[in-house]
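Colleague: Okay, handing you the structure first.
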Amino acid sequence: MTVKGERSYEFIQGQVSCDINLEQEKINGLFCDEKGYVITNATLFLEEDIKILIKDDVAKILENELSKYSKFYKCLIKTNKADAFGRISNKVFEKCLGKKEDLLSQQEWDREQILNFCIDIDGQLSCKHRSTQFGYAFKDFVSFEKGCYRGQEVISRLNYLAKNKRKCVVFKQKGLEILNDSNGRKIGEKIFTKILGKEEFVQFFVEDLNFYHNDKIILPVASQWV
């Protein structure tokens, strides 16, 4: 997606959680609605025009949301496909525009995102959960020093006032719908299931406990409680 116009930076600055006025070539951020539900995560490439890298099937959703306000800034929003690749540098997953050979496959890309709690939002997940339920690290996606943007009040409240009674945990387990504690009580909330080839990953937003399924203890493959 590309946003053009003399006031494009002013416009997007009021829509995304990161500070695009910093002197960076690209930056990660979250687009949220007024209630703090995540429309999508995004990598923004800060050129003369702003290029926003997101999933194909969430592009129309974001375009519809941005179009509500773009007319006040006389900005043009154009949704177009772009070649992109992912690479791991210093243990950090990085998104880049362009074509490269022999890098991460789509499944490897998705797997890295899930295990590092920075999943790329698709159409099915858009506007369903807040940032903490996906596990996005505020330090990587949010600026608490910039001005107002959509969803700011909720994100600030989650950061400064909310008690971390629940965090994100990922399991590699087929058919996992419910977690229980040692007493058989249902715990947590399932956020999503993603099938990658023969692997099935399930993310929960849950308390720091021992996790049981069908009366057997199960271990996560990634946890924010560690």
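The values are calculated or read from the model by the stated rules, or taken from the named source; none is laboratory data. Since this is a predicted model, take the numbers as computed values, not measurements. Here the Cβ positions follow ideal geometry from the backbone for every residue, glycine too, while neighbour counts run over all protein chains shown.
Colleague: From the set of residues in the stretch 81-108 that are touching an Asp or Glu at 6+ places or on another chain (Cβ under 8 Å) and not in a loop (DSSP other than H, G, I, E, B), which is farthest from LYS198 (Cα to Cα)?
Modeller: Only one residue tops the list, namely LEU97.
Colleague: Tell me the residue from ASP49, ASP33, ASP57, ASP19 that is in the same structural domain as ILE121 (by TED's automatic domain parsing), among the acidic types (Asp, Glu) and under 24 Å from ARG111 (Cβ atoms), please.
Modeller: ASP57
Colleague: Same structure again: For the stretch 195-221, which residues satisfy the criterion of being within 19 Å of the chain's Cα centre (by Cα) and crowded, with 18+ Cβ neighbours inside 10 Å?
Modeller: Once the filter is applied, which keeps residues that are within 19 Å of the chain's Cα centre (by Cα) and crowded, with 18+ Cβ neighbours inside 10 Å, the stretch 195-221 yields PHE201, VAL202, GLN203, PHE204, PHE205, VAL206.
Colleague: Moving to a separate point now. Taking only pairs six or more apart or across chains, which ones have beta-carbon atoms under 9 Å, a first residue in the stretch 46-61 that is over 17 Å from GLY86 (Cβ atoms) and part of a strand (DSSP E or B), and a second residue that is hydroxyl-bearing (Ser, Thr, Tyr) and at pLDDT 95 or above?
Modeller: LEU46/TYR9; ILE50/THR2; ILE50/SER8; ILE50/TYR9
Colleague: Which ranges mark the strands (runs of 3 or more DSSP E) fully within the stretch 165-209 that have 3 or more residues being without any contact (Cβ under 8 Å) to a residue 24 or more places away in the chain and not assigned by TED's automatic domain parsing to the domain that holds CYS118? Step through it out loud before you land on a result.
Modeller: On the way: elements: 167-172, 189-196, 199-206.
Correct list: 189-196.
Colleague: Looking only at the stretch 73-91, count how many residues are surrounded by 11 or more Cβ atoms within 10 Å (Cβ to Cβ) and without any contact (Cβ under 8 Å) to a residue 60 or more places away in the chain.
Modeller: 6
Colleague: Any chance you could count how many residues in the stretch 55-107 are in contact with a Phe, Trp or Tyr (Cβ under 6 Å, 6 or more places away or on another chain), closer than 15 Å to THR43 by Cβ and at pLDDT below 90?
Modeller: 1
Colleague: Residues being part of a loop (DSSP other than H, G, I, E, B) and in contact (Cβ under 8 Å) with a residue 40 or more places away in the chain: count how many of those fall in the stretch 23-45. First the steps, then the outcome.
Modeller: Pass one, the stretch 23-45, residues part of a loop (DSSP other than H, G, I, E, B): 23-25, 33-36.
With in contact (Cβ under 8 Å) with a residue 40 or more places away in the chain added as a condition, the list becomes 33-36.
Final tally of qualifying residues: 4.
Rundown of residues vs (1) of a type in the set (Phe, Trp, Tyr); (2) loosely packed, with under 12 Cβ neighbours inside 10 Å; (3) in contact with a Phe, Trp or Tyr (Cβ under 9 Å, 6 or more places away or on another chain); (4) modelled with pLDDT under 95, yes/no style:
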site: LEU161; (1), (2), (3), (4): no, yes, no, yes
site: LYS165; (1), (2), (3), (4): no, yes, no, yes
site: VAL170; (1), (2), (3), (4): no, no, yes, no
site: ILE178; (1), (2), (3), (4): no, no, no, no
site: ARG185; (1), (2), (3), (4): no, yes, no, no
site: GLY188; (1), (2), (3), (4): no, no, yes, no
site: ILE191; (1), (2), (3), (4): no, no, yes, no
site: SER223; (1), (2), (3), (4): no, no, no, no
site: VAL226; (1), (2), (3), (4): no, yes, no, yes
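Colleague: Let me ask something additional. Among the residues of the stretch 93-104, write down those that are surrounded by 11 or more Cβ atoms within 10 Å (Cβ to Cβ) and free of Cβ contacts under 8 Å to residues at least 12 places away in the same chain.
Modeller: Passing the criteria: only GLU94.
Colleague: Among (1) within 19 Å of the chain's Cα centre (by Cα); (2) assigned to a helix (DSSP H, G or I); (3) touching a residue at least 60 places away in the same chain (Cβ under 8 Å); (4) closer than 22 Å to GLN152 by Cα, where does PHE11 come up short?
Modeller: The single condition PHE11 does not satisfy is (1).
Colleague: Looking only at residues in the stretch 117-164 that are touching a residue at least 40 places away in the same chain (Cβ under 8 Å) and of a type in the set (A, V, I, L, M), which one is nearest to GLU94 (Cα to Cα)?
Modeller: ILE119
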